[in-house]
1. Within the stretch 150-163, take every residue that is surrounded by fewer than 22 Cβ atoms within 10 Å (Cβ to Cβ) and within 24 Å of N210 (Cβ to Cβ) and give me the one that is nearest to the chain's Cα centre (by Cα).
2. What's the total number of residues in the stretch 62-91 that are in contact with a Cys (Cβ under 6 Å, 6 or more places away or on another chain) and either polar (S, T, N, Q) or in a loop (DSSP other than H, G, I, E, B) (or both)?
3. Give the residues of the stretch 25-68 that are farther than 19 Å from G81 by Cβ, without any contact (Cβ under 8 Å) to a residue 24 or more places away in the chain and surrounded by 16 or more Cβ atoms within 10 Å (Cβ to Cβ), sorted by residue number.
4. Looking at N278, N255, N217, which one is under 22 Å from I332 (Cβ atoms), not in a strand (DSSP E or B) and not hydroxyl-bearing (S, T, Y)?
5. Which strands (runs of 3 or more DSSP E) sit wholly inside the stretch 319-402 and have at least 3 residues that are at positive phi and of a type in the set (G, A, S)?
6. Go through (1) under 19 Å from T52 (Cα atoms); (2) free of Cβ contacts under 8 Å to residues at least 40 places away in the same chain and name the single condition D110 misses.
7. Please go through (1) aliphatic (A, V, I, L, M); (2) within 23 Å of I324 (Cβ to Cβ); (3) part of a strand (DSSP E or B) for I434 and return the number of the only condition it doesn't satisfy.
8. Filter the stretch 113-149 down to residues that are among the aliphatic types (A, V, I, L, M) and within 20 Å of T54 (Cα to Cα) and give me whichever is modelled with the lowest pLDDT.
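The values are calculated or read from the model by the stated rules, or taken from the named source; none is laboratory data. Bear in mind the structure is a predicted one, so any value in this text is a computation, not a measurement. As a convention, Cβ positions derive from the backbone with ideal geometry for all residues, glycine included, and neighbour counts pool all protein chains shown.
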Amino acid sequence: MKKIGLVSLLFFTCLALSFTVKTAHAETINAPTSITTDTVWRNVYTYVVQTTTTVQPGINLTIEPGTVIKLKTNAKMVIKGILEAPGTDQNNIIFTSYKDDAYGGDTNGDGSATSPAKGDWHCLESYTGGNINLDYGRVRYGGNIYSMVYSTGGALSINHSVIEYSKSRGIEIKGAASATNNQLSNFDTTGIYVSSGSPTISGNTVTGGNYGIYVVNGSPSISSNNLSNNSNTGIYVSSGSPAISGNSLSGGSGNNYGVVIAGGTVTIENNNISQYPNYEAIKLGSTGATVSGSVYGNTISSCKYPLGFAGDSIPSLTLDSNNISGCSLSGINLNVALASGTIPAYSLPYVVSGLSVNSGATVDISPGTIFKVKSGITIFVNGALNANGADINPVVFTSIKDDTYGGDTNNDGTATTPQPGNWNVINLAASSKIDFNYVTIRYGNTAISRIGANPEISV
């Protein structure tokens, strides 16, 4: 009886061990090139996309939590129907490289001979009319040419997911979309790229790359995101009307910007922007574009400038109630070559790094405008410059070291004092014109100089 019992025990132990080994490595299934009936991919298998797998219009592909999908070189999935991928916190749905042994084991059976790399495969594409719904996913090692999760006109909802190791962009949006509470890192170019539409982009953590969020056009709501160490810009807007609120941006120590608005109508409110020591926390404007909207209630610290204007026009903004501390220069960096328009007076003085009026342009300066001119700078007037101050509200051109107007802009207390020659001169080109009323010019080499024939001067 003891011998039979021992044999039985050994038999069942071996059976249990064989069962454990069998389920530890999921069976591999090659995904079809076309899915034409409603299909469920189950988490007991690892699915391998060979080239392109297309979910056809009107068809549902549902993926169970914990399922692993591996894509071979240059492979992609195109969703023309609906992809439902509802992972869980404990059982993510994985889209990764065929060479990635971290999920689903050594599927290509080569041991450590190969390892995954950015761009091993292309993308998950939501095609026009399609719909991708991904929750608690992990998408890695794609982005060869395309963005790794890519809308070309279809709907996209991606939430609570990890997007990492893309050779290009992490997520690209064109149309209806929601990207919330995701973690994006180790991408080469941009974390979240918005081509168009009015997507909700909220609660994401975006680290590294060139840009955290890049908006080409559209009206996205960008809120409560955490963006850090983006080597060019945290949030860049080419055009459109985004609402940017409640985000935290940290630049680190590089030559980068917090928020850049090249053009459009924007709301930038209640953000925390810090650690941009070499450039502006917020930079607005570009040649040929206009910027308007609101910059309100932001906390800005440890930057070279809190704001800056560039291009050929000065933005028309509601600029108020921003909490600024620890910046090298407490003013609006001005580096512009102006077409016709108005220079408004803001609560901060302008710090002049470059200022010229283009030929044929007429520029009007509002009463109370203060220009703090940096060392060696010449202001060039090639068109017409009208400065219409008032007795108690003059227009002022003075040294960056002059604390009398606009306060201690260079933030050095009494360490420096203004002197004649701190900056250069206002130069008038041939046939240019200035009309100055109630204007104060201080601490330049010369107040006004003619460098061309027949300028018209009225002071």
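1. V162
2. Here the count works out to 0.
3. Y45
4. Values: N278 fails: not in a strand (DSSP E or B); N217 fails: under 22 Å from I332 (Cβ atoms).
Residue meeting the stated conditions: N255.
5. Those strands (runs of 3 or more DSSP E) do not exist here; none qualify.
6. Answer for D110: the failing condition is (1).
7. (2) is the only condition that I434 fails.
8. Once the filter is applied, the top-ranked residue is I145.
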